Each structure stands twice: as C-alpha cells, then as structure tokens.
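Participant: This is the structure I have questions about; it appears just below.
The values are calculated or read from the model by the stated rules, or taken from the named source; none is laboratory data. The structure presented is a predicted model; accordingly, all values stated were derived computationally and were not measured. Positions of Cβ are generated from backbone atoms using ideal geometry, with glycine treated the same way; all protein chains shown enter the neighbour counts. Surface areas here come from the heavy atoms of the whole protein model, side chains and all, with no ligands, DNA or RNA. Shrake-Rupley method; radii C 1.70, N 1.55, O 1.52, S 1.80 Å.
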Amino acid sequence: KNEVEQSPQNLTAQEGEFITINCSYSVGISALHWLQQHPGGGIVSLFMLSSGKKKHGRLIATINIQEKHSSLHITASHPRDSAVYICAVRSQETSGSRLTFGEGTQLTVNP
Amino acid sequence: DGGITQSPKYLFRKEGQNVTLSCEQNLNHDAMYWYRQDPGQGLRLIYYSQIVNDFQKGDIAEGYSVSREKKESFPLTVTSAQKNPTAFYLCASSFRGEQPQHFGDGTRLSIL
C-alpha cells in the first residue's frame, strides 16, 4: 500500500462544477503539499499545509491531521483547470525536505 | 525572473550510452532534487543535495549519478547501468527546511 493515496485517479467535470480531490496518507507528517502538473509536464506548487485550511482564488485546500486526510477543492471549475493534481507529504521521520508523492489525479474540465 | 531550467526538453539515447541531464536554478536555493516520473506512478526521488559538494541517494539511485559542484547546478547522469531509463525526469529546488519545492519543466528521455 502506498504511503500516499489519491482519489479519484481520473475526474471529468463540466465547466462550473465544484470539484473535490482527496488525499489520504499513512505516516505522521510535518507538511502536505498540493501540486499541479500541466500537460507539458511542468509542476507548480499550489499549497503547503500543516493544519487547517488555505484558500487561493478558486482553490481551497484542507487538512485533517487526526484523520490523515486532505482535500483540494476547485470552485467554479474552468477548462484551464485541466491538469494532473498531485498530493505529496513530508514524513516526520525523513530528513531534509524529502517528499513522498501520490500518483496524481487527472482532471479534465469540459466547456 | 528566477526559476529552474532543465535542458534539453527531449533527449534520445542509444543503448549503452551515458547521458547527462542539466538542471540550473537562480533562486539561491540550497537544496536540489531529481525525480523520475513513470506513467501511473508518483514521482520517485533519485538523488538530492542539501548543500554544495554533498548529495544523498534517494529511493531509486541505482544506474544514476549526480554532482553538486556549484549551488546553482545539479546535473544528473543516466548511466548504461540503468536498465529502464525511458521516463520523464524532473528537477526541483527549495530552501532548506520546511519550504515548498520549485520544479523545472522536465526532460523526457527515450531510448532509441
């Protein structure tokens, strides 16, 4: 079993829909990251969380440390949101800034 | 603008050849990382370096080598010992400690 599991693996939505991507992890963590990978392959960091909730524009990320679970929400989705969304965690037991990554969720938003 | 530059974007290698992937950053970051991405799998750490002239193996270091002679540069060599080198390779960097990683645009390596 992977230390970081994401669901769903693939998600198709219509423009304007509210989207939720989930991430569960099995280790104690010091931080959780949400990343966005564009079709060309480049990756952008969206959020880094250690507790609570963060919001940036139409994106909201939440984390529940006790339940070892995080969600990424996209409100009023748009075709330009189509990308792979990746959850990554920094384990409390690892040194440096090493991250463990989920397999990603492929999001497609249709106009 | 500051960022991470990976080159080339596409790279082809004949079997038995070593190839070197370039990663340069001008963000003044201390730490640099190399990841491999395969279809249907999460990113896997190959090597990382937290300071110049020092680096550590990640989870899949066999068949790869790195150097960190300058803060700005962290080249990755894919040696002929790597039996399945076809993949997408991503370089990242960060300040030390609890900081987000910044990623390059990646290099796609294929075997001819």
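Participant: Within a 10 angstrom radius of each residue's Cβ in B:80-92, how many Cβ atoms of other chains show up on average? Whole number is fine.
Facilitator: 1
Participant: Over chain B, what is the relative contact order in percent, taking alpha-carbon pairs closer than 8 angstrom and at least six residues apart?
Facilitator: 35 percent
Participant: Further, regarding this structure: Given an 8 Å cut-off on Cα distances and at least 6 residues of separation, report the relative contact order of the range A:1-96 as a percent.
Facilitator: This gives 36 percent for the range A:1-96.
Participant: Here's something else I'd like to know. May I ask you to derive the relative contact order of the range B:1-60, considering only C-alpha pairs under 8 Å and at least 6 residues apart, and to give it as an integer percent?
Facilitator: 24 percent
Participant: Which far-off residues, 5 or more places away or on another chain, put their amide H under 5 Å from the one on B:Asp105, with H placed in the peptide plane?
Facilitator: Under 5 Å from the amide H of B:Asp105 lie the amide H atoms of B:Gln6, each far enough along the sequence or on another chain.
Participant: Chains A and B: what accessible area do they bury, summed, in square angstrom to the nearest 100, with a 1.4 Å probe?
Facilitator: 1700 Å²
Participant: Hey, another quick one. Throw me the Rg/Rh for the range B:1-85, computed over C-alpha atoms with Kirkwood Rh, two decimals.
Facilitator: A ratio of 0.96.
Participant: Taking Cα atoms of the protein assembly as shown, Rg/Rh with Kirkwood Rh, to two decimals? Walk me through the numbers on the way to the answer.
Facilitator: Values: Rg = 17.5 Å, Rh = 18.0 Å.
The Rg/Rh ratio comes out at 0.97.
Participant: How would you order A:14-25, A:79-90, A:100-111, B:4-15 from highest to lowest mean count of nearby Cβ atoms within 10 Å?
Facilitator: Final packing ranking: A:79-90, A:100-111, A:14-25, B:4-15.
Participant: What is the ratio of the Cα radius of gyration of chain A to 2.2 N^0.38 Å, where N is its residue count, to two decimals?
Facilitator: For chain A, the normalised Cα radius of gyration comes out at 1.02.
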